[in-house]
Each structure stands twice: as structure tokens, then as C-alpha cells.
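The values are calculated or read from the model by the stated rules, or taken from the named source; none is laboratory data. The structure displayed is predicted, hence computed values, not measured ones. As a convention, Cβ positions derive from the backbone with ideal geometry for all residues, glycine included, and neighbour counts pool all protein chains shown.
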Amino acid sequence: MGRMDGRVAFVTGAARGQGRSHAVRLAQEGADIIAVLPTHVNTPLLLNQNTYRAFRPDLENPGPDDLAPVCQSFHFLPIPWVTAEDISNAVLFLASDEARYITGVALPIDAGSCLK
């Protein structure tokens, strides 16, 4: 097998252990493995009626404004969620030459929720 000259980023909450394990296994092949750990992201996966109802069952017709304070309570920074662009920007940096020696780490993009 030839040298792997590449970077891989896992973007999921379950990636912390997987990223480290793969980084140890693949480092000699030239792979840089980074786990990207996002908080709530303002995508349809979060912003939908099922989520609104799950987090605000006390309201008859909850919406994103009702979910925002719940999500913000997870963070130290005063935001309810990050954007997909926030995640993409981090991944673009990790895929760049400037990040060539970063491997085996977990990068939280979580508005400080890992500090709680």
C-alpha cells in the first residue's frame, strides 16, 4: 500500500474516539485524521417541527424562536446554534496546507458547550 497523502475529517458527535483511533492507525500512511465536533447546527435536522415539539412540549405550536433559548442554554457564547458555514470553514482550514501537521485531535465547534 502506498503513502496516503491526505486528510480526513469526521463531522459527528461520535467521532472523538474514532478520529483518535484512526489517526494512530493511519499516521504512518500519511493521513491526518481530525474529528470535528459541532454543536447545534441550523439545518433542517435541527430546525423542524419534531425537534420543536420535543424540546417545547409545553407549547401548542412551537417554532425556532421557542427552541433558540433551549439550544443557547448549552453554550457559553450567546448563540443558539452555529451555521453550516461555520463547520465548513473549519473543515476547509483543516484540509489546507496550514493544518498539515494537525492530526488525532477533536475540534469542537460548539460555542463553548464543551466547557460546561
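Find all pairs meeting these conditions: Cβ atoms under 7 angstrom apart; at least six residues apart or on different chains; first residue within the range 14-40 and under 19 Å from A95 (Cβ atoms); second residue assigned to a helix (DSSP H, G or I) and modelled with pLDDT of 75 or more.
The qualifying pairs are I34/L94; V36/I87; V36/A90; V36/V91; P38/I87.
Do we have any residue at all in the range 13-21 that's in a loop (DSSP other than H, G, I, E, B), under 20 Å from C114 (Cα atoms), modelled with pLDDT under 95 and within 15 Å of the chain's Cα centre (by Cα)? Write out each step before concluding.
So in the range 13-21, the residues in a loop (DSSP other than H, G, I, E, B) come out as 13-14.
From the residues that got through so far, the ones that are under 20 Å from C114 (Cα atoms) too are 13-14.
Add one more test, that the residue is modelled with pLDDT under 95, and what stays is 13-14.
With the extra rule that they be within 15 Å of the chain's Cα centre (by Cα), the set shrinks to 13-14.
Within the range 13-21, one or more residues are in a loop (DSSP other than H, G, I, E, B), under 20 Å from C114 (Cα atoms), modelled with pLDDT under 95 and within 15 Å of the chain's Cα centre (by Cα).
This table checks each residue for (1) surrounded by 11 or more Cβ atoms within 10 Å (Cβ to Cβ); (2) assigned to a loop (DSSP other than H, G, I, E, B); (3) in contact (Cβ under 8 Å) with a residue 24 or more places away in the chain.
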position: L46; (1), (2), (3): yes, yes, yes
position: N50; (1), (2), (3): no, no, no
position: R53; (1), (2), (3): yes, no, no
position: L59; (1), (2), (3): yes, yes, no
position: P69; (1), (2), (3): yes, no, no
position: P78; (1), (2), (3): no, yes, no
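Restricting attention to the range 99-110, and to residues there that are closer than 19 Å to D86 by Cβ and touching a helix residue (DSSP H, G or I) at 6+ places or on another chain (Cβ under 7 Å), which single residue is surrounded by the most Cβ atoms within 10 Å (Cβ to Cβ)?
Filtering the range 99-110 for residues closer than 19 Å to D86 by Cβ gives 99, 102, 105-110.
So of that shortlist, the ones also touching a helix residue (DSSP H, G or I) at 6+ places or on another chain (Cβ under 7 Å) come out as 99, 102, 106-109.
On the way: A99: 18, I102: 15, A106: 16, L107: 21, P108: 17, I109: 18.
Of everything passing the filter in the range 99-110, L107 is surrounded by the most Cβ atoms within 10 Å (Cβ to Cβ).
Given the residues S113, S73, S96, which is the only one that is closer than 27 Å to P57 by Cα and surrounded by fewer than 16 Cβ atoms within 10 Å (Cβ to Cβ)? Talk me through it step by step, then tell me what you get.
On the way: S113 fails: surrounded by fewer than 16 Cβ atoms within 10 Å (Cβ to Cβ); S96 fails: closer than 27 Å to P57 by Cα.
Sole residue among the options that is closer than 27 Å to P57 by Cα and surrounded by fewer than 16 Cβ atoms within 10 Å (Cβ to Cβ): S73.
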